[in-house]
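Student: There's a structure below that I have some questions on.
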Amino acid sequence: YSFLPLNIEMIFTLIGGLVRILPGWAGIYSLVYGSQLLMVCVTVLAAGAVGLAPLRLSWRARAIATLLFLSTPWVIVIGSLAYNDPAVLYLGALAIPLALGCKQRPCFWIIGLIVGLAVGVKMTAGVSVALPVAAILISTRCWRGVLMVVLVATAAYTPWMLRSMVASHTPTSIGNPIFPLFAHTLGMNHWSNSLAARFDRGHTAPTRDAGVIGHLHALADQWLLNRQFGAGVAAVAAATAHHPGYPGPKTPWVLRFGLIWLVWLPAVGISLAAGSEAWLLAVVACVQILSWLLFTQLQARFLVPLILPTAWMAAMAIGPIPRVSAALTAALAFQLAFLMVFLRSENGTFLGGPYSRVMGRIFELPQMWLATPDPNNVFAPLGLSDPQARIYLEGFDAPLYVRGHLIYNTVFNRNRLAREFAAHGAADTVAWLQRHHVRLVIFDWAEIQRLRHTYGFNKVVTPRMQQRLLAAGLLPLPARLAPNISMLIVPEPTNP
C-alpha cells in the first residue's frame with residue numbers, strides 16, 4: 001500500500017538489519033521468522049494487557065478474559081505472522097481500559113500517545129481504537145480529555161502524515177497525508193487512475209452486501225458464523241469425518257454458528273448488570289461494530305478488535321460463578337493448547353500426523369505444506385539451482401516459503417505476465433518467459449479468485465489463459481502443492 005503508516009514494518013526492517021550482522025544469517029528467512037517471533041511477543045503482551053487491565057475484575061474473570069482472547073483462532077493466526085494487527089490489539093488493550101477510568105491530565109496524554117501509535121500501526125485502528133476511546137470520553141462527558149487525546153494523537157501521527165505528503169507530492173498537489181485513501185482528490189503521485197480505482201473498489205463493501213440487510217448479513221457471516229472466531233457443528237463434523245470440503249455459505253447457519261457464542265454472547269448480555277464499566281464496554285463494542293459496517297470492506301479480520309470489549313464483558317458475568325468459570329477456563333485452556341500446537345502450518349510440517357490437518361480444517365487454516373513433500377525436492381529436478389533460473393508466482397500467497405529467484409506481483413502491481421499475454425498472445429508469452437529465465441510458473445487459483453472478488457485481480461489471468469499457455473509449449477508438473485495450485489514447466493528455448 002505504498003505510503004501507509006509503517007510503525008511495525010519499520011521494526012521489521014530493523015530486525016532485518018540486526019539479524020544480518022549476527023552469526024547464522026539465513027537470508028530472507030531470518031527476517032521472516034524474526035518478524036513472526038516479534039509478533040508472537042506482541043500477542044503475548046496483548047494477552048497480558050487483557051488480563052491486567054485496570055478494570056473491576058476478579059482473578060477468575062481476568063483468567064477467563066485472557067483465555068477468551070488467546071483461544072480465538074484469529075488471534076493465533078495473526079499473532080504468529082508478520083502482520084501489524086497484533087500491535088493494534090496490544091495498543092487497544094491498553095487504551096480502552098485507561099479511558100474508562102482516566103481523570104488526570106497525564107493519563108490523557110498517555111492515551112493520546114497510544115491512540116496515535118495505534119493509527120500509525122494500522123489506519124483501521126482509527127475506527128477500532130480511536131473512535132471507541134472517543135466514545136468512552138464523550139459518554140462520560142470528559143470534553144477536556146477528548147481534546148487532549150485528539151491533540152496528542154495527532155502530534156504522534158504527524159510524522160507519518162508529513163512523510164506521506166512528501167512522498168505523494170506532485171506539481172498539482174501538496175501531497176496526500178493519508179495516501180492511498182482519497183487518492184483521486186488528495187493526490188496519488190505514481191499511481192494511475194485505474195490503480196486508485198481498484199484500491200477504492202477493494203476497500204468498499206461487496207455489492208452483494210449492499211443495503212442495511214446486506215451489511216447485517218455480512219456481520220453475521222464474518223463474525224458469528226466465521227470459523228476463525230469459533231468453529232460450528234458443521235466445521236467440526238466435516239473435519240473429524242475427513243470430509244474433503246468445508247461447510248460453505250449454503251450450509252444452514254445453525255450448523256455454522258460458532259459453539260463458543262452459546263456461552264460468550266449470553267455472558268456479554270448478563271454483564272450489563274455489573275454496572276457502568278460493562279455499559280461503557282458495550283458502547284465500545286457498538287462503536288466498533290458500526291465502524292466496521294460503515295467504514296470497512298466487511299472482512300472478518302477487521303472485527304478482531306471486537307474481542308477486547310466482549311471478552312472483558314463476558315468475564316465480568318462468568319467470573320463470579322466458581323463452577324462455571326472453572327469449567328470454561330479448563331475448556332478454553334484445552335482449546336488454546338490445541339491451537340498453539342496444531343494450528344500453524346509450520347507446526348504441522350514438523351509434527352505431521354492427521355491431527356494437524358483436522359484442526360486446520362475445523363478453523364479453515366492454510367494447509368499448503370501440511371501434507372506435501374519438501375518444496376525444494378519438487379523444484380530441484382527442474383534445475384532451479386541455476387543462478388539465472390526463476391519462478392513466476394501468479395496469485396501465490398506465500399512467496400517467502402519458496403526458495404529461489406522469484407518474479408511475482410501484488411494485486412496492485414502491473415501484472416507483467418498478464419500484460420505480455422494480452423498484448424502478444426500465448427506463443428510470445430512463452431518466449432518472454434524463456435528470455436527472462438523463468439523455468440516454473442505457479443498459479444494459485446483459490447487466491448486469484450479471492451483477490452478477484454475483493455481487490456480486483458487482473459481479468460486476463462484465467463484457467464483459459466493457462467490452457468493456451470499449455471498449448472503454446474508449457475508443460476504441466478504432476479506434483480501438486482495443493483488442490484487449487486497448478487505448476488507449469490517452461491521448457492528450455494530451442495536453438496535455431
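Student: Return the residue satisfying two criteria in turn: it lies in the range 97-137 and is outside any helix (DSSP H, G or I) and out of contact with any Pro (no Cβ under 7 Å at 6 or more places or on another chain), and of such residues it is least open to solvent (accessible area, probe 1.4 Å). Step through it out loud before you land on a result.
Tutor: Initially, the range 97-137 is screened for residues outside any helix (DSSP H, G or I), giving 102-104, 122-124.
Next, only the ones that are out of contact with any Pro (no Cβ under 7 Å at 6 or more places or on another chain) stay: 102-104, 122, 124.
Values: C102: 7, K103: 130, Q104: 123, K122: 36, T124: 45 Å².
Selected residue: C102.
Student: If I filter the range 434-450 down to residues being surrounded by fewer than 20 Cβ atoms within 10 Å (Cβ to Cβ) and either touching a Gly at 6+ places or on another chain (Cβ under 8 Å) or among the hydrophobic types (A, V, I, L, M, F, W, C) (or both), which single residue comes out as modelled with the highest pLDDT? So that I can check it myself, show each step before the final result.
Tutor: Going through the range 434-450, the residues surrounded by fewer than 20 Cβ atoms within 10 Å (Cβ to Cβ) turn out to be 434-437, 445-447, 449-450.
Now drop any that are not either touching a Gly at 6+ places or on another chain (Cβ under 8 Å) or among the hydrophobic types (A, V, I, L, M, F, W, C) (or both), which leaves 445-447.
Values: W445: 89, A446: 83, E447: 85.
Among residues in the range 434-450 that are surrounded by fewer than 20 Cβ atoms within 10 Å (Cβ to Cβ) and either touching a Gly at 6+ places or on another chain (Cβ under 8 Å) or among the hydrophobic types (A, V, I, L, M, F, W, C) (or both), the one modelled with the highest pLDDT is W445.
Student: Identify, by number, the condition in (1) assigned to a loop (DSSP other than H, G, I, E, B); (2) at pLDDT below 80 that L195 doesn't meet.
Tutor: Going through the list (1) assigned to a loop (DSSP other than H, G, I, E, B); (2) at pLDDT below 80, L195 breaks only (1).
Student: Hey, among G383, G425, which residue is at pLDDT below 90 and on the phi > 0 side of the Ramachandran plot? Write out each step before concluding.
Tutor: Values: G425 fails: at pLDDT below 90.
None of the other options fit; the residue is G383.
Student: Hey, any hits in the range 330-345 for a residue that's in contact with a helix residue (DSSP H, G or I) (Cβ under 7 Å, 6 or more places away or on another chain) and modelled with pLDDT of 85 or more?
Tutor: Checked against the condition, which is being in contact with a helix residue (DSSP H, G or I) (Cβ under 7 Å, 6 or more places away or on another chain) and modelled with pLDDT of 85 or more, the range 330-345 yields at least one hit.
Student: Please enumerate the residues belonging to the range 1-18 that are open to solvent by 20 Å² or more (accessible area, probe 1.4 Å) and modelled with pLDDT under 75.
Tutor: Answer for the range 1-18, where residues must be open to solvent by 20 Å² or more (accessible area, probe 1.4 Å) and modelled with pLDDT under 75: Y1, S2, F3, L4.
Student: Go through the range 257-273 and count every residue that is part of a loop (DSSP other than H, G, I, E, B) and either within 19 Å of Y90 (Cβ to Cβ) or not β-branched (V, I, T) (or both).
Tutor: The total comes to 3.
Student: For the range 210-230, which residues satisfy the criterion of being out of contact with any Asp or Glu (no Cβ under 9 Å at 6 or more places or on another chain), open to solvent by less than 50 Å² (accessible area, probe 1.4 Å) and either at pLDDT below 80 or in a loop (DSSP other than H, G, I, E, B) (or both)?
Tutor: Matches in the range 210-230: L225, F229, G230.
Student: Answer yes or no: is there a residue in the range 273-287 that is open to solvent by less than 40 Å² (accessible area, probe 1.4 Å) and at positive phi. Steps first, please.
Tutor: The first filter runs over the range 273-287 and keeps only residues open to solvent by less than 40 Å² (accessible area, probe 1.4 Å), leaving 275, 277-278, 280-282, 284-285, 287.
From the residues that got through so far, the ones that are at positive phi too are 275.
Yes, the range 273-287 has at least one match.
Student: Moving on. Report yes if some residue within the range 414-436 is without any contact (Cβ under 8 Å) to a residue 24 or more places away in the chain and in a strand (DSSP E or B); otherwise report no.
Tutor: no
Student: Another question, if that's okay. Could you go through the range 218-232 and let me know if any residue there is more than 22 Å from A311 (Cα to Cα) and small (G, A, S).
Tutor: Filtering the range 218-232 down to residues more than 22 Å from A311 (Cα to Cα) leaves none.
Scanning the range 218-232 turns up no residue that is more than 22 Å from A311 (Cα to Cα) and small (G, A, S).
Student: Considering only the range 451-462, I want to know if a residue exists there that is assigned to a helix (DSSP H, G or I), free of Cβ contacts under 8 Å to residues at least 24 places away in the same chain and surrounded by fewer than 19 Cβ atoms within 10 Å (Cβ to Cβ). First the steps, then the outcome.
Tutor: First pass over the range 451-462, keeping only residues assigned to a helix (DSSP H, G or I): 451-454.
Applying the additional criterion that residues be free of Cβ contacts under 8 Å to residues at least 24 places away in the same chain yields 452.
Retained after the next criterion (residues that are surrounded by fewer than 19 Cβ atoms within 10 Å (Cβ to Cβ)): 452.
Yes, that holds for at least one residue.
Student: Mind checking which pairs have a first residue in the range 99-127 that is in contact (Cβ under 8 Å) with a residue 60 or more places away in the chain and among the charged types (D, E, K, R) and a second that is open to solvent by 10 Å² or more (accessible area, probe 1.4 Å) and in a loop (DSSP other than H, G, I, E, B), Cβ under 6 Å, 6 or more apart or different chains?
Tutor: Taking only residues 6 or more apart or on different chains, the pairs are K122/N84.
Student: Kindly evaluate S164 against the criterion of being closer than 30 Å to S192 by Cβ and crowded, with 22+ Cβ neighbours inside 10 Å. Talk me through it step by step, then tell me what you get.
Tutor: Details: closer than 30 Å to S192 by Cβ: yes; crowded, with 22+ Cβ neighbours inside 10 Å: yes.
Yes.
Student: Please enumerate the residues belonging to the range 22-39 that are open to solvent by 60 Å² or more (accessible area, probe 1.4 Å) and either modelled with pLDDT of 75 or more or within 16 Å of the chain's Cα centre (by Cα) (or both). Break it down into steps so the answer makes sense when it comes.
Tutor: Let us first name the residues in the range 22-39 that are open to solvent by 60 Å² or more (accessible area, probe 1.4 Å), namely 22-25, 28, 33, 37.
L37 - this is the single residue of the range 22-39 that is open to solvent by 60 Å² or more (accessible area, probe 1.4 Å) and either modelled with pLDDT of 75 or more or within 16 Å of the chain's Cα centre (by Cα) (or both).
Student: Does A65 fit the bill of being surrounded by 22 or more Cβ atoms within 10 Å (Cβ to Cβ) and over 20 Å from F229 (Cβ atoms)? Even if it seems obvious, please write down each step before you answer.
Tutor: Working: surrounded by 22 or more Cβ atoms within 10 Å (Cβ to Cβ): yes; over 20 Å from F229 (Cβ atoms): no.
It is false that A65 is surrounded by 22 or more Cβ atoms within 10 Å (Cβ to Cβ) and over 20 Å from F229 (Cβ atoms).
Student: Would you mind telling me which numbered condition in (1) at pLDDT 55 or above; (2) closer than 30 Å to R256 by Cβ L365 fails?
Tutor: Just one mismatch for L365, condition (1).
Student: Next up: Against the condition open to solvent by less than 60 Å² (accessible area, probe 1.4 Å) and modelled with pLDDT under 85, how does A205 come out, does it pass? Can you show your working first?
Tutor: Working: open to solvent by less than 60 Å² (accessible area, probe 1.4 Å): yes; modelled with pLDDT under 85: yes.
Answer is yes for this residue.
The values are calculated or read from the model by the stated rules, or taken from the named source; none is laboratory data. This structure is a prediction, so every number in the text was calculated from the model and none was measured. In this analysis, Cβ positions are derived from the backbone assuming ideal geometry, glycine residues included, and neighbour counts consider all displayed protein chains. Accessible surface areas use protein heavy atoms only, side chains included; no ligands, DNA or RNA. Shrake-Rupley method; radii C 1.70, N 1.55, O 1.52, S 1.80 Å.
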